[in-house]
Amino acid sequence: MVKLVVLTLMTWNGAVMLLFISLFVLICYILYKEFEYLGRTFEMKIAPNGAFNDDLGRVRFNYLQR
């Protein structure tokens, strides 16, 4: 009986651990994609000479709306 309880608790512990790990991976992936998008769009706004061609406030506002 004790072995069954221990096995059940270990199974639930493993399931909860996998849930939290999967949520952490999902959040990291979403943040990675968002920063990749921000970097790509920000790079399009920079001229070859290094000058910023767009209104930085508008870029920030558009990004915050996402």
Determine whether Gly50 is small (Gly, Ala, Ser) and part of a helix (DSSP H, G or I). no
Residues (in contact with a Phe, Trp or Tyr (Cβ under 9 Å, 6 or more places away or on another chain) and not hydrophobic (A, V, I, L, M, F, W, C)) located in the range 23-53: Glu34, Tyr37, Thr41, Lys45
If you go through the range 24-36 one residue at a time, do you hit one that is touching a residue at least 24 places away in the same chain (Cβ under 8 Å), surrounded by 10 or more Cβ atoms within 10 Å (Cβ to Cβ) and within 14 Å of the chain's Cα centre (by Cα)? yes
In contact (Cβ under 8 Å) with a residue 12 or more places away in the chain and either among the aromatic types (Phe, Trp, Tyr) or on the phi > 0 side of the Ramachandran plot (or both) - does that describe any residue in the range 42-61? yes
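Here, each number is a calculation from the coordinates, and none is a lab measurement. Please read all numbers here as calculations on a predicted model, not as lab measurements. All Cβ positions, even for glycine, are placed from backbone atoms using ideal geometry, and neighbour counts span all protein chains on display.
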